[in-house]
Amino acid sequence: MATKKAAKKKSRRTVMYSSGGKKLYAVRDASGKFKDIQQYSRAHAADIRAGSSAEVKAAAKKAAKKVAKKASAAKKAVAKKATTAKKAVAKKATKRASAAKSAVAKAVKSVKRALKKVTG
């Protein structure tokens, strides 16, 4: 059975102020010693730029949804084109059939006239 590793404790930042009055973050290591001193304004801007993992997940989900929607729209467009093409072919076939039918009717009419003339 696999054992889980203990999660590493996230480093916390202590708020301090410089002699000039600037707000600072003091980052400590595991033993509690100062590891880094950051200007609050720069650290905050970096935090904002980085974004949270929840925001990244939400953006990825939104992008996936958008792609799926586009794919669905493309699929519908293809289906519509196919349906339109089928209808056009059916309409053409109907026209040809009705044209052939009228040609046969004309031929029958002309034969009947000719018979009438002959038989009187």
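Each value in this text was obtained by applying a stated rule to the coordinates, not by laboratory testing. Since we're looking at a predicted model, the values are computed, not measured. Cβ placement follows ideal geometry from the backbone for every residue including glycine, while neighbour counts extend to all protein chains displayed.
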Give the distance, in whole Å, between the Cα centre of the range 26-63 and the Cα centre of the range 65-120. 68 Å
Rounded to the nearest 10, the angle in degrees between the Cα long axis of helix 40-50 and the longest principal axis of the Cα atoms of the chain comes to 30 degrees
Sum of side-chain charges, Ser41 neighbourhood, beta-carbon under 14 Å (Lys, Arg +1; Asp, Glu -1): +4
Compute the signed sum of charges (Lys and Arg +1, Asp and Glu -1) over the other residues within less than 14 Å, Cβ to Cβ, of Lys61. +4
For the Cα atoms of the chain, what angle does the longest principal axis make with the long axis of helix 53-119, in degrees from 0 to 90, nearest 10? 0 degrees
In straight Cα distance, which lysines are under 23 Å from Lys22, not counting same-chain residues fewer than 8 positions off? Lys33, Lys35
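Sequence gap at least 6, Cα distance under 8 Å: using those rules, report the relative contact order of the chain to the nearest whole percent.
On the way: 52 pairs, mean separation 11.9, N = 120.
For the chain, the relative contact order is 10 percent.
Kirkwood Rh and Cα-based Rg: tell me the resulting Rg over Rh for the range 15-108, rounded to two decimals.
Values: Rg = 35.5 Å, Rh = 20.6 Å.
When Rh is taken as the Kirkwood radius, the ratio is 1.72.
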Could you tell me which trypsin sites (Lys or Arg not before Pro) in the range 1-101 are loop residues by DSSP with no more than 12 other beta carbons within 10 angstrom of their beta carbon? Lys4, Lys5, Lys8, Lys9, Lys10, Arg12, Lys22, Lys33
